[in-house]
Every structure is written in C-alpha cells, then in structure tokens.
1. Would you pick out the residues in the stretch 38-47 that are exposed (fewer than 15 other Cβ atoms within 10 Å of the Cβ), part of a helix (DSSP H, G or I) and touching an Asp or Glu at 6+ places or on another chain (Cβ under 9 Å)?
2. Do we find a residue being under 23 Å from G74 (Cα atoms) and part of a strand (DSSP E or B) anywhere in the stretch 7-16?
3. Determine, yes or no, whether D106 is surrounded by 11 or more Cβ atoms within 10 Å (Cβ to Cβ) and modelled with pLDDT under 95.
4. Restricting attention to the stretch 35-56, which residues are hydroxyl-bearing (S, T, Y) and within 9 Å of the chain's Cα centre (by Cα)?
5. Please enumerate the residues belonging to the stretch 43-100 that are in contact with a Lys or Arg (Cβ under 7 Å, 6 or more places away or on another chain) and among the aromatic types (F, W, Y).
6. If a residue must be farther than 16 Å from S24 by Cβ and in contact (Cβ under 8 Å) with a residue 24 or more places away in the chain, how many such residues does the stretch 40-53 contain?
7. Which of the numbered conditions does E22 fail, given that it passes all the others? Conditions: (1) surrounded by fewer than 19 Cβ atoms within 10 Å (Cβ to Cβ); (2) in contact (Cβ under 8 Å) with a residue 60 or more places away in the chain; (3) part of a strand (DSSP E or B).
Amino acid sequence: KIKLTALPTNPKLDSIYFREIEFSSQDFSAIIPLDDEYEDVEKGNQALMLQLIIYAVEEYEDREDFLVWSTAFGLNSNDPFILNMYRDLGKTIPKIRDIIGTDINDISDYDWELNA
C-alpha cells in the first residue's frame, strides 16, 4: 500500500512551482519535490498525487543529466538548492520505481493540460 501526503508549502519551492509530497510504503518513505504548476496537490486526491509522482519519476529517468533535467523545468542550474534537489531525487527515484513498477506510465502532457 502506498500513502501520499501533501506537505506544507515551501517558499523556495513555490517560486519554481514545485511542491513536496511524502511517499510512504510499508518499507520505504521519502519526500519527493515535484512540478505542481497547476496546484493539483492542493486537491488532496491520492490518484492525482500518484500521477504527479509518476510524472516526476519519468521526467527524472528520461533526462540525460542535471542540466537537461533543470532546463526541462526552467530551473536555474546554478542554484545549489536545485542541484541538491536533483541529487536527492537520484537516491529516491530508483526505490520508488521498484515500488510502483515499470508497467505504469504517466498521463500525456496534452491530456494533463486539457484536464482530460
């Protein structure tokens, strides 16, 4: 069983449209910063938050390195906070992928933006 909890807003993350979600399973727990441009986390919907987690996992896995990842989100690659966030994701993403598996994919950007 997976439990997702929206953490209180963080001004540093708010400025880049990111939000933290605590991802908890029986044997693992981590705080995941993720893109929440449309403030979907506020809705408190577990399925929607899981979709945001899947999106964060796939975005991390699909990017070659930190510069490509930070550019994809329009983040300042010179900011040590952003670099640390990326490094922390590098430690947690593989564990989350092990839990959620590989037979699950995110909703396309097109469908997400249209709220389909």
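The values are calculated or read from the model by the stated rules, or taken from the named source; none is laboratory data. Computed from a predicted structure; not experimentally measured. A quick note on method: Cβ atoms are made from the backbone with ideal geometry, for glycine too, and the neighbour counts reach across all protein chains shown.
1. Scanning the stretch 38-47 gives a single hit, E42.
2. Checking the stretch 7-16: not a single residue is under 23 Å from G74 (Cα atoms) and part of a strand (DSSP E or B).
3. yes
4. Residue satisfying the conditions is Y55 alone.
5. Within the stretch 43-100, W69, F81 meet the criteria.
6. Here the count works out to 2.
7. (2)
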